[in-house]
Amino acid sequence: MDLSEHPDSAAYGHLAQRSPLVRRLLARNPSPFTFTGTGTFVVGQPGGTVAVIDPGPADPAHIAALIDGLKGETVSHIVITHTHMDHSPAAPALKAATGAEIVGCAPLVLSDDGPRADAGFDASYAPDRILAEGESVSGPGWTLTAIATPGHTSNHLCYALVEEKALFTGDHVMGWSTTVVAPPDGDMAAYMASLRKLLDRDDVIYHPTHGEPVKEPQRFVRGLITHRKQRETQILKLLGEAPQDIPAMVAVMYAMVDKRLHPAAGRSVLAHLIDLEVRGVVSRSGEVWSLAG
């Protein structure tokens, strides 16, 4: 479907109430990777002291709409799930306008070894405070607790809204598509462990940064785990037929997926292969992968 025809397209520029304590402002940055755009969430009673989760890209129109929508309110915290360019770059402008502190995930600096993947990361991100697993920020009637969920990125955090048993899942769980896990920073083993971690929680709803709310979260997460296991099985089946490179595997595995997404799909296939290699199941020679042994 043309994203311009999606119902969300009428929501750009407006804070929409999602629950008594949650509002969302959608950035006008739709794409095959962001769906209808990046959702910026405001937590707290309208007119009171609030937190902003993932203020979004450095888009002047989005930032202006966010600041305008928060008139008469006190922003105490700007909370970041991870530092991809559609999530954190608006934080400095929002801090300048509100005086709020920037808190959340750690800055991400990649090493120089291996293929670089930092073009999509916000190198200017400078939090006032880094939150560790279980640490919280709070305001009148709301509490946000950090849940470490590495995998999509190594610095990814989700945030639990205790009062509504809600979880802001960033890009760890999305409401419209599966998450891309792109090495060298993305790690499939960590991603799967982070998914399993969510199964032990009692959240009743997820608010992803992209897509619609997830209202049966444990069932949804089980489906994501099953999907990844199926992708792993596909890879092993293909390598059982013949050694091959990633583009050949992607062409088969993602034949029905928009070809614009094939490069990203290839990164997730690579993440699976690296995990399988660590486990001793597959090996590689240059760009060609095969079953081990």
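Within segment 10-69, being surrounded by 17 or more Cβ atoms within 10 Å (Cβ to Cβ), farther than 20 Å from Gly99 by Cβ and hydrophobic (A, V, I, L, M, F, W, C) holds for Ala11, Leu21, Val22, Leu26, Ala27, Phe35. The residues in segment 120-172 that are assigned to a loop (DSSP other than H, G, I, E, B), of a type in the set (A, V, I, L, M, F, W, C), touching a residue at least 24 places away in the same chain (Cβ under 8 Å) and within 27 Å of Ala271 (Cα to Cα) can be counted, and the count is 1. Cβ-Cβ contacts under 9 Å between residues 6 or more apart (or on different chains), taken from a first residue in segment 12-31 that is more than 22 Å from Val162 (Cβ to Cβ) and free of Cβ contacts under 8 Å to residues at least 60 places away in the same chain to a second residue that is assigned to a strand (DSSP E or B) and of a type in the set (Gly, Ala, Ser), are listed as Leu25/Ala16; Leu25/Gly39; Leu26/Ala16; Leu26/Gly39; Ala27/Gly39. Of the residues in segment 255-263, not one is in a helix (DSSP H, G or I), at pLDDT 95 or above and not assigned by TED's automatic domain parsing to the domain that holds Thr36.
Reported count of residues in segment 176-210, each being outside any loop (DSSP other than H, G, I, E, B) and either in contact (Cβ under 8 Å) with a residue 40 or more places away in the chain or in the same structural domain as Glu232 (by TED's automatic domain parsing) (or both), is 14. For segment 54-66, the set of residues classified as in a helix (DSSP H, G or I) and in contact (Cβ under 8 Å) with a residue 12 or more places away in the chain consists of Ala61, His62, Ile63, Ala65, Leu66, listed by residue number. Please determine, by comparing only the residues of segment 151-179 that are surrounded by fewer than 20 Cβ atoms within 10 Å (Cβ to Cβ) and within 22 Å of Tyr254 (Cβ to Cβ), which one is modelled with the highest pLDDT. The extreme case among them is Gly175.
Yes/no matrix, rows are residues, columns are (1) modelled with pLDDT of 95 or more; (2) assigned to a helix (DSSP H, G or I); (3) within 21 Å of Pro213 (Cα to Cα):
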site	(1), (2), (3)
Gly37	no, no, yes
Val52	yes, no, yes
Asp68	yes, yes, no
Val79	yes, no, yes
Ala93	yes, yes, no
Ile102	yes, no, no
Ala106	yes, no, no
Val109	no, no, no
Asp113	no, no, no
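In the set (1) surrounded by 23 or more Cβ atoms within 10 Å (Cβ to Cβ); (2) out of contact with any Phe, Trp or Tyr (no Cβ under 9 Å at 6 or more places or on another chain); (3) not polar (S, T, N, Q), Ala123 fails one condition alone, (1).
Please work out which residue is nearest to the chain's Cα centre (by Cα), limiting yourself to segment 215-262 and to residues that are of a type in the set (S, T, N, Q) and closer than 21 Å to Ala189 by Cα. This residue is Gln218.
Checking Ala242 against (1) surrounded by fewer than 16 Cβ atoms within 10 Å (Cβ to Cβ); (2) closer than 30 Å to Leu144 by Cβ, which single condition isn't satisfied? The single condition Ala242 does not satisfy is (2).
Among the residues of segment 236-293, the one identified as in contact (Cβ under 8 Å) with a residue 60 or more places away in the chain and among the hydroxyl-bearing types (Ser, Thr, Tyr) is Ser268.
The values are calculated or read from the model by the stated rules, or taken from the named source; none is laboratory data. Just so you know, these numbers come straight off a predicted model, no measurement behind them. Counting neighbours? That spans all protein chains shown, and the Cβs are built from the backbone with ideal geometry, glycine included.
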